[in-house]
Structures are given as C-alpha cells and as structure tokens.
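Report on the structure given below.
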Amino acid sequence: MKRILSLMLVLVMILALGACGKKAAEPDGSAADLVTIMVNIKGVDGNIAMTDDGTEPKIDPEYPAQSAFMNVEKGTVVKILAEPEEGYHFFKWTVDGKAYSAEPLITVTAEEDTEFIAEFLPEGKDGKPVDLDTVKTLGDLLGLPEVGASLTGTTYVYAFEQDGNTYRAICDVPEEAAQAIFDLDFDDPDYDKKLSELIAPLPVKVIENLTENLPSQKEADQYIGKTGQELIDDGWTVYFYNLDELQFGMNHGAYSYDITFEGTVKDPENFNEDTDMGGLTVKTITCSGVGNPTYVEMPEE
C-alpha cells in the first residue's frame, strides 16, 4: 500500500512539473508565456517572501520560507523581500553570481526565467567576520577583536582586527555625544555597556586597512640621515631604546619602526629621548608593523 501511495505521489509531482512548463490559456483562447521567478538564500541565515499582486511581501513568522518560486506571465511585477535571522544582516541579492541589489526589498519585472539569491552576513558579534563594504555605523563593527579606541575632539577612532589585518574606523562625533563619552566613569561597572550605546550609532566615515598600507622600505629610507631630534620635532615618539647599540623603537603615526642610529649620546646616565637626540643620525630604519592604530593626525585649527 505504501508503495502504491509513493508511486501516486511521484505521478502527481511529474504532472505538476509538466504543467509548470506549459502556457496558460487566455480568455480569448491564446496562450500567455509563463516566466519562472525563483528565490533562494545562500546559507541558512535568513528568510524570504514574494508577491505578484502589488502587495508588500511579509515573512510568515509561523512558516518562514528560505526558497520559493512563482510562474507568472511576462511583464508581471514581482516584489521580493529578504529578512535576516537574529545576529545577521542582509548583504545583497545576486543573479547568476553577479551582484544585483543591496536592498532587502526589490521590485522586478518578470521578463525571463530568473533565480534571485539572497546573501546574509554576521552582524560582527563575537568576532564573526563582517563585510566591511556594507558597514554604516560603528555598531556594525562592535564585537570584532578590538585593538584600540580613542576620542580626540569630535573624532572617534575604533581599531580592530579581521582576517589577519588591522583596520581602523573613523567617525565624526557630535559635540554632545563626544562630551557624554568623555564624561563616562571608567570605574562604573556598566562602563562598557554605556560606551557601546553611545558609539554604536556613530556613522563610519572611512575604514582604513593599516596592514595593507604599511610604509614601504623606500618610504622608510627617506628618513636616513635625519637626526633623532628632527624625528622628535616631527612627532615621532620613543617606546624603546638601547644606548649601547644605539637601537631605538619609535612610533610615527599609526606605525612602529626599528631604527639604528650613529653618533654619540653626551650623558647616557641622564638621557632624555625628547631632548637629547640631536647628536644621533638615522643609519638604518625599517617599519616593524602597526604600532598605534588609533593615532590620527588632526588638522590644525
């Protein structure tokens, strides 16, 4: 009996699929071309809905769909909606592997058989990767491995790591919000939560890949022959030194450098790196990596 039911079910499916490929009869006896619009998602991180009657599609909360299709007449306007699951955001629609739209709700005119695929990405919580091209506010980045943050005036810099690279996001902060951030108490047990609430809505102005933009050796070599005092006067800072070998570690901008000097130090016992480097000249210099990722040179007022 079960086998007979299975065969009947297969027969019904074959007949149904066959009907999908036929042309619908018009009232005047002519046939209208049918176009198949298919909708799927990549992964399991969201749901979809579609309509062809002019109404706005809505996700069914009881029976959410991750795949759907419609056979409609050519020229029919179809609306398609993608909605992410919790912890994800909509990324893009693709057709034939190519980007189609970055909007979760799209309206298309059925002209030919087409499959639309919705893609979603993690929101960036718990260190999950984020598509940086879609970032709009700092909240899209919070939760990635943080390597520094700073507020200077009305500029907030958030440095983070992803895919082995160090990035920084730069945001303009309204004066009122900047003051609220400044007024936060570090000893408050809810400090992190309150800070996140203040910075999450900040629009991200730019994201810089500091690792990709490491200064080349040619760029570093331009400092050969300069005195240590010239570097200090130009904003370089010392974070390590060995006076016996005249080896220094110095930061400039967002980057760290290993520098070997030649020359003499007049009073090694009372050496002050901010004032006593005039007798030292850069012999060799290499960029050792990202040192101070939140450093941003502020324009002079």
Report for the stretch 33-172 the percent antiparallel among DSSP-assigned beta bridges with both residues inside it, nearest 5.
85 percent
Let me spell out the model: positive unit charges on the Cβ of Lys and Arg, negative unit charges on the Cβ of Asp and Glu, origin at the Cα centre of the stretch 155-301. What dipole size does that give, in debye rounded to 20?
560 debye
Which net charge results for the neighbourhood of residue 174, defined as the other residues with beta-carbon distances under 15 angstrom from its beta-carbon, given Lys and Arg at +1 and Asp and Glu at -1?
-4
What pairs from 98/205; 58/205; 205/226; 79/194; 79/136; 42/74 go past 31 Å between their alpha carbons?
58/205; 205/226; 79/194
How far apart, in nm, are the 7 Å Cα→Cβ label points at residue 62 and residue 133?
4.0 nm
Hey, how many Å between the Cα centroid of the stretch 213-233 and the Cα centroid of the stretch 131-147?
32 Å
What does the accessible area per residue of the stretch 208-253 come to in Å², with a 1.4 Å probe and no ligands, DNA or RNA counted?
59 Å²
Say the dipole of the stretch 174-301 comes from +1 at the beta carbon of Lys and Arg and -1 at that of Asp and Glu; which of 216, 237, 189 then lies farthest toward its positive end?
216
Between residue 147 and residue 207, what is the label-to-label distance in nm when each label sits 7 Å out along the Cα-to-Cβ direction?
1.5 nm
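For the stretch 175-235, give the magnitude of the charge dipole about the Cα centre (Cβ charges: +1 Lys/Arg, -1 Asp/Glu; no others), in debye to the nearest 20.
The dipole of the stretch 175-235 has a size of about 360 debye.
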Taking all protein chains as present, what is the carbon and sulfur share of the accessible area of the stretch 159-266, in % to the nearest whole number, probe 1.4 Å?
47 percent
Accessible area of the stretch 145-192 divided out per residue, in Å², using a probe of 1.4 angstrom:
57 Å²
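The values are calculated or read from the model by the stated rules, or taken from the named source; none is laboratory data. Note that the coordinates shown come from a computational prediction; the quantities given were computed from them, not determined experimentally. In this analysis, Cβ positions are derived from the backbone assuming ideal geometry, glycine residues included, and neighbour counts consider all displayed protein chains. We work out accessible area using only protein heavy atoms, side chains counted, and drop any ligands, DNA or RNA first. Shrake-Rupley method; radii C 1.70, N 1.55, O 1.52, S 1.80 Å.
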